[in-house]
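Reviewing the structure listed below.
The values are calculated or read from the model by the stated rules, or taken from the named source; none is laboratory data. Fair warning: this is a prediction, and the values are worked out from it, not measured in the lab. Virtual Cβ from ideal backbone geometry, glycine too; neighbours counted across all protein chains shown.
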Amino acid sequence: MECILCRIIDNQIASRKIYEDEDNIAILDINPASPGHTLVVPKKHADSIFAMDSLDLRRTIEVVKLIAEKIKKELRTDNINIILNNGRLAGQIIDHVHFHVVPRFPNDRINFTIPRYQMSDEQFWEVQSKLIINTEMPPKPEPKKEESERGKLE
Ligand SMILES: [Zn+2]
């Protein structure tokens, strides 16, 4: 058994466990981003969220909420990041699904900076048309006139 989380679940490797049920465990992260940083791990090995059964995932997210509520009460913060890294580019290191539950405190020096871009109505429409699942697609927007052109018309 190569997977480190499977070995932890199997008690072959020691962990700081705070919760266990039939389907999931929650353990303190060995290199925490903050005190209370917890990993919620489904017992059934799945590389990624795509390999997870929906019902199992639902049970796991319920444990995530339970841990978040426990952190809120005992560590006295309702500022909590809940993170699932899925795939290498998204920062996934261990190929066994796990949610990070990270309590946040004033001046904790954690910095999740996400760069933001400006997108045109047309660019939004392109991506929306690909991702839309069960709602109506709006009409394609007219391409905006260049600033200089608009200046000439006025
Ligand atoms: Zn595993």
**Fill in**
(1) more than 16 Å from the ligand (Cβ to nearest atom); (2) under 30 Å from ILE4 (Cα atoms); (3) outside any helix (DSSP H, G or I) all hold for HIS96 apart from (1)
**Asked** GLY91: under 13 Å from the mean Cα position of the chain (by Cα) and modelled with pLDDT under 95, yes or no?
**Response** yes
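Taking the residues in the range 60-69 that are surrounded by fewer than 17 Cβ atoms within 10 Å (Cβ to Cβ) and touching a residue at least 24 places away in the same chain (Cβ under 8 Å) as candidates, determine which candidate is farthest from PHE99 (Cα to Cα).
Among them, the one singled out is LEU66.
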**Prompt:** Within the range 1-88, which strands (runs of 3 or more DSSP E) (wholly inside it) include 1 or more residues that are within 16 Å of the ligand (Cβ to nearest atom)?
**Reply:** 17-20, 24-28, 38-42
